[in-house]
Every structure is written in C-alpha cells, then in structure tokens.
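Quick note: the coordinates plus some simple rules give every number you see, no bench work behind them. Keep in mind that this is a model prediction, so the values were computed, not measured. Heads up, the Cβs are rebuilt from the backbone with ideal geometry, glycines too, and the neighbour counts pull from every protein chain shown.
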Amino acid sequence: MSSDPNKLYSRRNDPPPSMNQNPNFSQQNSSPWEKCISVLEEDKKELKAENKKLEDEKKELEDKKKELKNKLCDLKGHYDDLKYEIKEMKSDIKQFEASLKYEKLHFIFIKYRYSIRLLRQSKS
C-alpha cells in the first residue's frame, strides 16, 4: 500500500480530504508521520554513529597497514643485508679453504723434502 493519503483516495473516485473538510485530519495523521520521521531520524543518527565508527576502524586499519608496510620494507632491507653478508662469508670460506689447501700442499711439500733429506742422510 502506498503511504501517501492522496494516492489512497485517488484510487477511489472520492476527492482527497482537505483540511477544511476535516480539521482533525492533520492532527490525526501528523502523529504517525512524526513518529515515523523521528524513528527515521534516530536511525539516521545511529547510522551516522556506526559510519563514524567504521571510518575510525578503517583509518586505524590503514595506519596499521602503513606501519606493516614500513616494517616489511625494513625487513626486506635487513634481508638484503644478510644476503650480502652471506655472500661475503661464502667468499671468505672459499678463500680460507683455498689457503688451507695451499698450507696442506706446502706442508706435504716440506714433509716430502724432509723425507728426501732423511733418505739422503741415511744413505750417506
């Protein structure tokens, strides 16, 4: 049903009531309209409060998102630093292994020379 009283009366062939014909018409029907308007205004206030609350939550979430992005950038930078340090350590390890091999070969060479010397001395 339509809420407009004029439309209700226009469906029938009766003319819509006017305020002159029924002086209590506005008083009788204004009360439900005022109630409806007040309910709608209350709902509007509640919706505005809820909207404000949701906007505040959205703002908080956006701030957290920015904070997490900054932390992520920091972690990526730290990760890159660690990655570089690992490369350097691997390079250092390879150099150390190479120097150990050299020292081992040098030791074997000295041992070999010493063994040759002992053999020569034992023959003499």
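Per-residue extension of 0.36 nm, minus the Cα-Cα distance of ASN51 and ILE37, leaves a gain of 3.0 nm for this segment. Largest first and in whole Å, the equivalent-ellipsoid semi-axes of segment 82-124 read 41, 4, 4, each the square root of five times a Cα gyration tensor eigenvalue.
3J(HN,Hα) couplings calculated from phi for segment 94-105 with the Karplus curve 6.51 cos²θ - 1.76 cosθ + 1.60 (θ = phi - 60°) are, in sequence order, 4, 5, 5, 4, 5, 5, 5, 4, 4, 4, 5, 5 Hz; Gly and Pro show x. Net length available on complete extension from GLU60 to PHE109 is 10.4 nm, with 0.36 nm assigned per residue and the Cα-Cα distance removed.
Which loop GluC sites (Glu not before Pro) in segment 36-78, with loop taken from DSSP, have no more than 15 other Cβ atoms within 10 angstrom of their Cβ? Provide the component values of the computation, followed by the final result.
Working: sites: GLU41, GLU42, GLU46, GLU50, GLU55, GLU57, GLU60, GLU62, GLU67; in loops: none.
Passing both the DSSP loop test and the Cβ count: no residue.
Label sites at PHE96 and LEU72, each approximated as a point 7 angstrom past Cα along Cα to Cβ, lie 3.7 nm apart. Within segment 56-112, none of the chymotrypsin sites (Phe, Trp or Tyr not before Pro) combine a DSSP coil assignment with at most 15 other C-beta atoms in a 10 angstrom radius. Per-residue 3J(HN,Hα) values for segment 64-77, derived from phi via the Karplus relation 6.51 cos²θ - 1.76 cosθ + 1.60 with θ = phi - 60°, read 5, 4, 4, 4, 5, 4, 5, 5, 4, 4, 4, 5, 5, x Hz in sequence order (x marks Gly and Pro).
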